[in-house]
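This report concerns only the one structure given below.
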Amino acid sequence: MSRSEAKTGRAQSGDVGLFFRRFGSPGATPVLIQHGLSFFSYDWIEAASALAADREVVAMDMRGFGDSDSSPRGDYSLAAFAGDTIALLDHLGWRQAVLIGHSMGGRNATFCTAEHPGRVKALVLVDYSPENAPAGSKRVRAQVAGTPDTFESVDAAMLHFKNDPDEPAKRARFEAYLRKVEGGYAIKRDPYFREQFRRALETGQHPKLGVDMWQMLGRLQCPTLVIRGARSDMFAPETVARVRAANALIQVVEVDAGHNIAVENRDGFLSAVRPFLQQVEAHHEQDARA
């Protein structure tokens, strides 16, 4: 499936409109993908298309990101993100789905799955654990906090993030990730997130989630696959044992990649996810016959 074959749509969640990309046709349990902090649904087009061979797959822009609306009230709580997920599942007519969440999207997907167990058949966490490694946290804080309000051109934005403007695939990605504004271009992400990171750098105080995410992992009631990038600076190797111990339903695999697994090693990502999805369907069929 080419990029042009993805169907796009919008769903309403309270006062926020959600943008999504839809692939495939009804078949096996559908999949909903949630991106990370420095990403958006565009980054999942290739992986989503590949997973859609036997099912529907939707990659969403979370509130405040991509072509979804920012929250008028600045509500980016875990409960708000979970509410968006359920609203989108309802809009799509999906009684149950497999959630795939990368990084921050993994955090949001974990919370949603723990709070709404009847709506999630299985969960895939991509380079997410409740404890970020110090090196990756430092990198992300500096990158997000240092994002300018505007860039004078697409080239300027690409160079700021250390990308070669002459690489066609990366240029296409930045053209999708930037919106034209007065004075140039701005990243499609609510400045709320940048300001949070700036305050954290200034004060040394990190925003409080108000939720124990280790406890959320323990509450999961569905099969859960955790995929760690073997070269990730966000998910430390020493955290793996604690993730496994959090819940007997969790299995952990490693893929040769950094933090952005599905883009850096799409084949490795698919090789980890496809057998897991097959297991989920097999268990479902056994339960249906029982």
Take the stretch 130-148 and flag every residue that is of a type in the set (D, E, K, R) and free of Cβ contacts under 8 Å to residues at least 40 places away in the same chain. 138
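Can we say residue 70 is among the polar types (S, T, N, Q) and at positive phi? So that I can check it myself, show each step before the final result.
Numbers: among the polar types (S, T, N, Q): yes; at positive phi: no.
No: the conditions fail for residue 70.
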I'd like to know if the stretch 157-166 contains one or more residues that are surrounded by 14 or more Cβ atoms within 10 Å (Cβ to Cβ) and either within 30 Å of residue 122 (Cα to Cα) or under 18 Å from the mean Cα position of the chain (by Cα) (or both). no
The stretch 216-263, subset without any contact (Cβ under 8 Å) to a residue 60 or more places away in the chain and part of a strand (DSSP E or B), residue surrounded by the most Cβ atoms within 10 Å (Cβ to Cβ): 255
Matching residues, the stretch 149-177, being within 21 Å of residue 76 (Cα to Cα) and either without any contact (Cβ under 8 Å) to a residue 40 or more places away in the chain or aromatic (Phe, Trp, Tyr) (or both): 177
Residue 130 fails exactly one of (1) in a loop (DSSP other than H, G, I, E, B); (2) out of contact with any Phe, Trp or Tyr (no Cβ under 8 Å at 6 or more places or on another chain), namely (2)
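If you check 204, 218, 184, which single one turns out to be at pLDDT 95 or above and over 29 Å from residue 69 (Cβ atoms)?
Checking each option against the conditions leaves just 218.
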Filter the stretch 236-274 for residues that are touching a Phe, Trp or Tyr at 6+ places or on another chain (Cβ under 9 Å) and of a type outside the set (Val, Ile, Thr); which is nearest to residue 215 (Cα to Cα)? 246
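The values are calculated or read from the model by the stated rules, or taken from the named source; none is laboratory data. Source: prediction; values computed, not measured. Cβ sites come from the backbone with ideal geometry, for glycine too, and all protein chains shown count toward neighbours.
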